[in-house]
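The values are calculated or read from the model by the stated rules, or taken from the named source; none is laboratory data. Please read these numbers as outputs of a predicted model, since none were measured by experiment. Note that each Cβ is placed from the backbone with ideal geometry, even for glycine, and that neighbours are counted across all protein chains shown.
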Amino acid sequence: MSTQQWLVIGQGDIGLPVTNKLAQQGYSVTGLARSARSDYALAEQANFIQADALKVSAEQLQDFTCITIIVTPDEYSTSGYNKSYLSICQHLVQLAEQLPKLERVVFISSTGVYGQNKGEWIDENTTPATPERDASKVILQAEQALQQGFADKAVIIRPSGIYGRQRLMRLRKVKEDNKDPIASADWSNRIMDSDLVTIISKVLTIEAPKSLYLATDYLPVTTLQLSAWLSQQLQQSPPIVDDKQTAITGKRLHSNIPLAWLEFADWQAGYSDILQHQQD
């Protein structure tokens, strides 16, 4: 254990909890971000590097055996994704030959790389990634750069829609007085943010991870069904069905996450937890 060193690039809403979780579990971990962390509440096991991931040197990275990339763009545009996801992955690939201790590179991607939008079932083995959005195409290019540069050392995690106790967009929508109509058959997929942190931590530390994980819970749900359930729980007026949008849209993801890794195996368990903590 003492020879293993973990680096978490990106210290945002997911990266910081991952760093903390690894530290609390006794792993030697370092977080890296451009901004200082004055409220960096980490165990003694953790360190912090304030640096730009696009400029970090091989010398700074040479002792790490496992690196994970958990970043978001400065701006949600194709250019923003290029300057974050893709550029960071390409920079690491350029340093690959100078990092002999590196055993694993884990990249937090997105299920947005699946462009399917007719209610199709998606799985890890048979479904090709055919992104439609330009930003998703850039994320897929970042995946491919790591896979080409690091071969079987590269592990990809594709999360679905992240929600949690502080991510309350759906609750706010349900409480609106003037509700927007909702399509009757628009499929969606979710993963609780705390479960995503667990998933990433597991993939970083297990002996033989898969090359690809679909980080999503076990039960896709239509936006209408979710909204109707939340409306009932919150004693709000039911959602308005959009009669003009009758086609089946969205996609349904087959999770390949071990059930034991998930505290919230489906959206109902997750939102029940959120509602309970809203009332506390």
For the structure I just gave you, tell me whether residue 107 is among the aromatic types (Phe, Trp, Tyr), buried (at least 17 other Cβ atoms within 10 Å of the Cβ) and over 22 Å from residue 159 (Cβ atoms). no
In segment 68-90, is there at least one residue being buried (at least 18 other Cβ atoms within 10 Å of the Cβ), at pLDDT 90 or above and assigned to a strand (DSSP E or B)? yes
If you go through segment 123-132 one residue at a time, do you hit one that is surrounded by 15 or more Cβ atoms within 10 Å (Cβ to Cβ) and β-branched (Val, Ile, Thr)? yes
Residue 173 passes all but one of (1) at pLDDT 95 or above; (2) part of a helix (DSSP H, G or I); which number fails? (1)
Hits in segment 260-272 - residues which are within 22 Å of residue 201 (Cα to Cα), surrounded by 14 or more Cβ atoms within 10 Å (Cβ to Cβ) and in contact with a strand residue (DSSP E or B) (Cβ under 9 Å, 6 or more places away or on another chain): 262, 264, 266, 267, 269, 270
Search segment 27-43 for residues that are more than 11 Å from residue 10 (Cβ to Cβ) and pair each with any residue that is at pLDDT below 70 and surrounded by fewer than 20 Cβ atoms within 10 Å (Cβ to Cβ) when their beta-carbon atoms are under 6 Å apart and the residues are at least 6 apart or on different chains. 28/45
Mind checking which residues of segment 212-252 are of a type in the set (Val, Ile, Thr), crowded, with 20+ Cβ neighbours inside 10 Å, in contact with a Lys or Arg (Cβ under 8 Å, 6 or more places away or on another chain) and not in a loop (DSSP other than H, G, I, E, B)? 221
Output the residues belonging to segment 110-122 that are of a type in the set (Phe, Trp, Tyr) and either surrounded by fewer than 19 Cβ atoms within 10 Å (Cβ to Cβ) or at pLDDT below 95 (or both). 121
Flag for residue 204 being part of a helix (DSSP H, G or I) and modelled with pLDDT of 95 or more: yes
Checking the condition in contact (Cβ under 8 Å) with a residue 12 or more places away in the chain and surrounded by fewer than 21 Cβ atoms within 10 Å (Cβ to Cβ), which residue from 167, 190, 172, 158 passes? 167
Give segment 97-130 a look and list any residue that's in contact with a strand residue (DSSP E or B) (Cβ under 9 Å, 6 or more places away or on another chain), more than 17 Å from residue 188 (Cβ to Cβ) and not in a loop (DSSP other than H, G, I, E, B), or say none. 104, 105, 106, 107, 108
Of the residues that make up segment 253-264, is at least one over 25 Å from residue 71 (Cα atoms) and not β-branched (Val, Ile, Thr)? yes
Flagged pairs (Cβ under 7 angstrom, 6 or more apart or on separate chains; first in segment 93-113, more than 15 Å from residue 142 (Cβ to Cβ); second part of a helix (DSSP H, G or I)) are 95/58; 95/61; 98/58; 99/58; 99/61; 102/153; 103/153; 104/153
Has segment 134-156 got any residue that is at pLDDT 95 or above and assigned to a loop (DSSP other than H, G, I, E, B)? no
Would you mind telling me which numbered condition in (1) buried (at least 17 other Cβ atoms within 10 Å of the Cβ); (2) at pLDDT 95 or above; (3) small (Gly, Ala, Ser) residue 184 fails? (2)
